[in-house]
Amino acid sequence: MELFGKNFLNIRNNHLLPRISFGVKRTKYEFWSLKDIFTNKLLSLNKLSGKAFEIELTKEDYYKAIHCDIELFMNKVFVQYSDFKKQNSVSASWSFITLYYFTFFNATCLFRFIDKGFIFLNREQSKRLEDFSIALYSDPISVDIGNYYFSVKEINSYGNIVIALSHKGDSVHKSTWLQMELTLREFVNASDPNEVVIYNLLLNHFTKFKSEYPSNLRNKLNYNGDSSILDLESSIPYLTLKEINSNYLKELTNLDTNVSSNLNQMNSISYLTSFLFELNQKLYKEYIDRSDFGQDFNKERMNYLKSKQL
């Protein structure tokens with residue numbers, strides 16, 4: 001069964017292909033921080049309801065910044081992948097924490113591919129936005145520091161990118177999994193029948209285990225003293241990544257979601273992780289095969305993995 005069909009092509013056509021002519025060199029990455037572009041390169045800033053607002057950027061500035069962010073989070077993905085592959089040298093609970101961050105950065109990277117995600121605005125960055133509004137408008141905008149969810153709203157009549165941002169009170173980890181569930185539901189609406197099967201199976205885990213279950217399990221196994229007993233008793237297993245092959249759906253279907261145990265949730269996350277990792281790699285290949293950008297970032301990542309004998 002082909003797991004990457006209509007929805008995959010939709011992401012490629014609507015999000016990746018428009019920006020293949022834009023990118024940054026590895027040596028220039030520090031000048032293209034997404035947060036700095038959002039707060040330094042504004043063309044306009046409009047207040048929305050509550051703690052939400054819209055910004056306008058040139059297409060070139062946004063596409064370069066989002067390319068840079070994808071490359072940097074792909075780096076995070078592969079560093080965590082390398083650490084997870086060396087898991088036998090650590091406890092089972094810490095191995096899971098490594099897997100969690102591998103999953104988390106895969107989720108973050110996927111969001112960047114589809115022009116959305118979370119950023120944290122510190123006081124300096126929020127003040128830039130406030131200063132911009134003071135300079136241009138009689139009614140200045142107050143911008144809180146904290147975690148913001150952003151998404152591209154449109155390309156306007158001037159050819160510029162309009163981005164909506166809304167302040168989020170929850171932690172970025174909880175917010176990420178709430179948004180992942182919403183994103184998978186959006187994917188279902190754009191998918192062919194084969195893709196619908198995989199997304200509905202993954203969504204069933206979010207329903208049965210609660211939407212933020214990856215973050216909750218991370219907290220349980222990382223911060224609670226009780227988790228030390230699980231390691232001493234060897235009560236939790238070392239997990240492996242799942243092969244995305246003809247057996248993947250069968251195994252995922254057979255995973256028990258009726259009992260919300262540590263083991264069932266851990267296994268669920270390993271299947272989710274494997275799928276997100278495969279999806280991101282395929283999306284990245286679609287980009288790098290067509291663009292003059294990214295080869296330097298990718299070469300550095302592959303050299304890193306080679307140095308780790310992976």
* To do: Could you please state how large a percent of the accessible area of the chain is carbon and sulfur, counting protein chains only and using a 1.4 Å probe?
  => 49
* Asked: Counting only heavy atoms of protein chains, what accessible area per residue, in Å², does segment 44-121 have with a probe of 1.4 Å?
  -> 32
* To do: Place a +1 charge on the Cβ of each Lys and Arg in segment 129-288 and a -1 charge on the Cβ of each Asp and Glu, then give the dipole magnitude about the Cα centre in debye, rounded to the nearest 20.
  => 300
* To do: Using the structure shown, select from Lys242/Lys308; Lys25/Lys51; Lys41/Lys153 the pairs with a Cα to Cα distance greater than 26 angstrom.
  => Lys25/Lys51
* Name the residue farthest towards the positive end of the dipole of the chain from the options Gln87, Phe4, Leu272, assuming +1 on Cβ of Lys and Arg, -1 on Cβ of Asp and Glu, about the Cα centre. => Gln87
* What is the pair-distance distribution P(r) of segment 196-250, computed from all Cα-Cα distances in 5 Å bins starting at 0, with each bin given as a whole percent? -> 4, 15, 15, 20, 20, 13, 9, 3, 0
* What is the ratio of the Cα radius of gyration of segment 1-70 to 2.2 N^0.38 Å, where N is its residue count, to two decimals? -> 1.38
* May I have the convex hull volume per residue, in Å³, for the Cα set of the chain? => 148
* So for the chain, taking the charge dipole from beta-carbon charges (+1 Lys/Arg, -1 Asp/Glu), which of Pro140, Leu182, Tyr223 sits furthest toward the positive end? -> Tyr223
* Would you work out which of Val197, Pro214, Gly294 lies farthest towards the positive end of the dipole of the chain? Charges go on Cβ: Lys and Arg +1, Asp and Glu -1. => Gly294
* Give the distance, in whole Å, between the Cα centre of segment 236-310 and the Cα centre of segment 101-120. => 14
* To do: Let me know the Rg and Dmax you get for segment 1-123 when you use only its Cα atoms, in Å.
  => 17.3, 52
* Structure fact -> Computed over segment 159-310, protein heavy atoms only, probe 1.4 angstrom, the accessible area per residue in square angstrom equals 49
* Scattering curve values for segment 142-189, log₁₀ I(q)/I(0), Debye with Cα scatterers, q = 0.16, 0.18, 0.22 Å⁻¹ -> -0.61, -0.73, -0.90
* To do: Over all directions, average the projected area of the Cα convex hull of segment 90-243 and note it in nm².
  => 13.2
* **Spacing of the two label points (7 Å from each Cα toward its C-beta) at Tyr238 and Asn46, in nm** => 5.5
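Can you give the Kirkwood hydrodynamic radius of segment 235-310 from its Cα pairs, in Å with one decimal? Don't skip to the end; give the middle numbers.
On the way: mean 1/r = 0.0670 Å⁻¹.
Taking the inverse mean of 1/r over all distinct Cα pairs, segment 235-310 comes out at 14.9 Å.
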* Structure fact -> In debye to the nearest 20, the charge dipole size for segment 160-236, taken about the Cα centre with +1 at each Lys and Arg Cβ and -1 at each Asp and Glu Cβ, equals 220
* Please report the relative contact order for segment 124-255, taking Cα pairs under 8 Å with a sequence separation of at least 6, and give it as a percent rounded to a whole number. => 14
* Structure fact -> In a Gaussian network model of the chain with springs linking alpha carbons closer than 10 Å, the residue among Glu60, Glu233, Glu195 that fluctuates most is Glu233
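Taking the Cα centre of segment 1-102 as origin, work out the dipole magnitude from +1 charges on Lys and Arg Cβ and -1 charges on Asp and Glu Cβ, in debye rounded to 20.
With only Lys, Arg, Asp and Glu charged at Cβ, the dipole is about 100 debye.
The values are calculated or read from the model by the stated rules, or taken from the named source; none is laboratory data. Values in this document were obtained by computation on a predicted structure and should not be read as measured data. Backbone-built Cβ (ideal geometry, glycine too); neighbour counts: all protein chains shown. In case anyone asks, the SASA skips ligands and DNA or RNA and just uses the protein heavy atoms, side chains included. Shrake-Rupley method; radii C 1.70, N 1.55, O 1.52, S 1.80 Å.
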